[in-house]
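The block underneath contains the structure these notes are about, expressed in structure tokens.
The values are calculated or read from the model by the stated rules, or taken from the named source; none is laboratory data. Since the structure is predicted, the reported quantities are computational estimates derived from the model, not experimental observations. Cβ atoms come from the backbone with ideal geometry, glycine included; neighbour counts cover every protein chain shown. Note: accessible area is taken over every heavy atom of the protein model, side chains too, but ligands, DNA and RNA are not part of it. Shrake-Rupley method; radii C 1.70, N 1.55, O 1.52, S 1.80 Å.
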Amino acid sequence: MDLLAAVGLFAVQALLIAPLFMGEFTRYRGSIEAAYITDARFIVDHFPDLSWNPLWYLGFPFEWFYTPLLPALVALLGKLIGDVPAAYRIVAATGYALGPAALYIAAREITRSRAAAVFGALAFIFLPSVSYLLPGLQGDASAFSGAALPPPWRLVALAEYGEGPHVLSLSLALLALAAGARYVRAPSGARLLIAVVSVVAVALTNLIGVLGAAVFLGLVPASERIGGRAEGRYARLFVIGALAGLLSMGWYSLGFIRAVFGFSTPGAGGGTAYLWLPVVLIATLVAVAWLDRRLPEGGALAVGWTVVFGVIVVARQFASVELAPQPIRYALELDAAAAIGIGIAAAWALRKLPALQPGRVRAVAGIALAAVFIAVGAGGWLTVRERLGPDVAWRDWSERRVALWLSERLAPGERAYLTGDHAFWADVFADVPQVRGGVDFAFSNPWWAHVTYQVNNGTDADISQLWMAALPVRYIVVTGPASSEIYRDFADPKKFDGHVPVVFDQGGVRIYDVTRTGDPQLMVARVADLAPPTSAIDRDAISAYVKRMAEGRSPTMLETRGLGGWRAEVDVREGEQVVLRQAYDTGWRATVDGRPANVRADAIGQLVVDVPAGRHVVELEHAVHTDFIAGVGVALVTALLWLGISVRRRLQHG
């Protein structure tokens, strides 16, 4: 019965969002889905050469690109059907359709009430989101749908903003909640395996979803009705968390974690108060324990989840305080928690109200209440359906035309500087090396962010040109007021007029041609004595760097070996170094005439090899980071030990 209910809910939700399964792209070009499609396309086009990605952030280690599950699924399906964007549509829409079924399973486990689970899932599908009590979200959703009672915020997050990984991770987190609660209530080896695998799936899908799953599961032991002694419940939760954490280290290397938490955008502000989140969680645990016997089963947990996620979202919306990274995005988890609470309240009312005590009356009232839920949301779903369909004119997008234009003209090693939507979408359509990218923490060279801020917001065109010559950028793409750009981040579209020649001017988009300075791939130049710029507007330092590049020489021979490998024959003079014009990273390895050589960063973060004077053969290769390999090793050892212990116990009890 429960399986049929879950399948039915999945089918209903899939039917409501059917247009999202179709085509390649929606009309919402401000969506961040471009990054995930790009990742999947990169995997399909370049597998297994996935150590180094030269397309974003002056080059970066591909292992930092994002959490891998969704892009990997898209890449696999895209390879099978020959269409990566269409594969993304299918995977992302499936992740959304899975949500109500997952919420039903979670609510059924927590409440042990089929009625509460059904009403919770129907609320999740049809009722306007609780997060619409926040004026900003409600206004945004109404504008998206054109309805006074818009469909859930989760739909807006997926369709308009491209939150495919977060939406999928929420569905997986609800399944992890069900599996975790089942194991805490009645432990077994199989239940532990399912719970741990579910949590790991969340961790490999979305960074925001990790905290969401942690909150969902973290409050479960506070409920006495889960069963057993409190210390036993917390011990079982600890086992799930410890195993999931160790297994997740197969992707969450120290370098990846440092990259995620170490990035901040230049010029950005805002107050963070992350240390207060544990205080909120502890207070909520106490409240859940106190309320557990005073509310219907599962009610205290639903209240606790709603409070935690609500505090995270409200603190940011009304006090500009961040209790967690990107707090507004936890509106999805808030809505799921509230939907479970609504389901519990509806089932309790049907069970306890004296007027509804006769079984037949209760059944009729339940059907009527379900019909009300559906009727409330039907109008919003009807108005939005047409807006979910694919954009059949995507081949005419400016982002695609510009990407193809650049890919046909960029020489090996040259980059483009793109702004706004064009920066996000370029690599969906073609391999376009650029200064920016789609996942801002995934960089090795931090100068990209400072340069981007200066170029987009500064008024000095000359120093921007110097940076373009240094990086090396051949083309600058600037969108003006007449462009179809959705996300505009360039302060003065006329900044380069009269400074750099225009070679493309269509549809409000201009492309400027920057004079090349030196070989864009590899140079022999004297850079060891140069001081790093003190800022992105340190004209003297960056001018000195560009001058050295202009005075340098190309290698006598250069051979590219995949995305992260080069072999060069060079003639080095005293005091000179070999400069690979890619971002320095600890994964680089170099040899000079077959012997290991020292590699480091130059004044602006590009890779330098110390080479003795004379003629030499220099070979460069980017390898997977040692900490990544160590993390994979920890995950494998954990899995093997767990398997060994499980087999031993079976043999002992067999």
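Over the chain, what is the relative contact order in whole percent, taking alpha-carbon pairs under 8 Å and six or more residues apart?
16 percent
Hey, can you grab everything whose amide H is under 5 Å from the amide H of Phe504? Only 5+ residues off in sequence or another chain; H modelled, so Pro and N-termini drop out.
Ile511
Would you grab the residues whose amide H sits under 5 Å from the one on Thr272? Only those 5+ places off in sequence or on another chain, please, with H modelled 1.01 Å from N.
Correct list: Glu322.
Using square roots of five times the C-alpha gyration tensor eigenvalues, list the equivalent-ellipsoid semi-axes of the stretch 17-93 in whole Å, biggest first.
Equivalent ellipsoid of the stretch 17-93: 22, 14, 10 Å, largest first.
Hey, which aspartates and glutamates would be in cross-link range of Lys352, C-alpha to C-alpha under 19 Å, not counting anything within fewer than 8 residues on its own chain?
Output for Lys352: Asp292, Glu297.
List every residue whose amide H lies under 5 Å from the amide H of Asn53, counting only residues 5 or more places away in sequence or on a different chain, with H placed 1.01 Å from N in the peptide plane.
Hits under the 5 Å cutoff: Phe60, Phe62.
For the chain, go through all pairs of different Cα atoms, get the mean of 1/r, take its inverse, and jot down that Kirkwood value in Å.
With all distinct Cα pairs of the chain included, I get 27.0 Å.
If you plug each phi of the stretch 5-22 into the Karplus form 6.51 cos²θ - 1.76 cosθ + 1.60 with θ = phi - 60°, what whole-Hz ³J(HN,Hα) values come out, in order, with x for Gly and Pro?
Ordered by residue, 3J(HN,Hα) equals 4, 5, 5, x, 5, 4, 5, 4, 5, 4, 5, 5, 10, 3, x, 6, 7, 10 Hz.
Are there any chymotrypsin sites (Phe, Trp or Tyr not before Pro) in the stretch 451-531 that are in a DSSP loop and have at most 14 other Cβ atoms within 10 Å? List them by number.
When the chymotrypsin sites (Phe, Trp or Tyr not before Pro) of the stretch 451-531 are filtered for loop state and at most 14 Cβ neighbours within 10 Å, nothing remains.
For the chain, the longest stretch holding no trypsin sites (Lys or Arg not before Pro) located in a DSSP loop with at most 12 other Cβ atoms within 10 Å is which?
Answer - 1-228.
Would you work out what percent of the accessible area of the chain, with all protein chains in place, is carbon or sulfur (probe 1.4 Å)? Can you show the working numbers first?
On the way: 17010 of 26660 Å².
That fraction is 64 percent.
What ³J(HN,Hα) values, in whole Hz, does the Karplus curve 6.51 cos²θ - 1.76 cosθ + 1.60 give for the stretch 273-279 when θ = phi - 60°, with x put for Gly and Pro?
Running phi through 6.51 cos²θ - 1.76 cosθ + 1.60 with θ = phi - 60° gives 9, 4, 5, 7, 4, x, 5 Hz.
From the convex hull of the Cα coordinates of the stretch 1-160, what is the mean projected area in square nanometres? Before the final figure, lay out each step's value.
Working: hull surface 46.3 nm².
Averaged projected area of the stretch 1-160's Cα convex hull equals 11.6 nm².
Mind jotting down the distance between the C-alpha centroids of the stretch 194-260 and the stretch 39-109, whole Å?
Comparing the Cα centres of the stretch 39-109 and the stretch 194-260, I get a distance of 22 Å.
Working only with C-alpha atoms, what are the Rg and Dmax values of the stretch 319-425, expressed in angstrom?
Cα-based Rg and Dmax for the stretch 319-425 come out at 25.6, 79 Å.
What share of the DSSP beta bridges in the chain is antiparallel, in percent to the nearest 5?
Antiparallel bridges make up about 90 percent of those DSSP assigns within the chain.
Suppose a student asked you for the relative contact order of the stretch 545-654, using Cα pairs under 8 Å spaced at least 6 residues apart; what percent would you report?
Normalised by residue count, the contact order of the stretch 545-654 is 25 percent.
Could you derive backbone 3J(HN,Hα) for the stretch 113-121 from the dihedral phi with the Karplus parameters 6.51, -1.76 and 1.60 (θ = phi - 60°), listing whole Hz in sequence and x where the residue is Gly or Pro?
10, 5, 5, 4, 5, 5, 5, x, 5
Considering only protein heavy atoms, what per residue accessible area in square angstrom results for the chain with a 1.4 angstrom probe?
On a per-residue basis, the chain sits at 41 Å².
Can you compute the helix-only [θ] at 222 nm over the chain? Use -39500 (n - 2.57) per DSSP H run of at least 4 residues, normalise by all residues, nearest 500 deg cm²/dmol.
Here the helix-only value at 222 nm equals -17500 deg cm²/dmol.
If you look at just the Cα atoms of the stretch 124-261, how large are its Rg and its Dmax in Å?
In order Rg, Dmax, the Cα atoms of the stretch 124-261 give 17.5, 51 Å.
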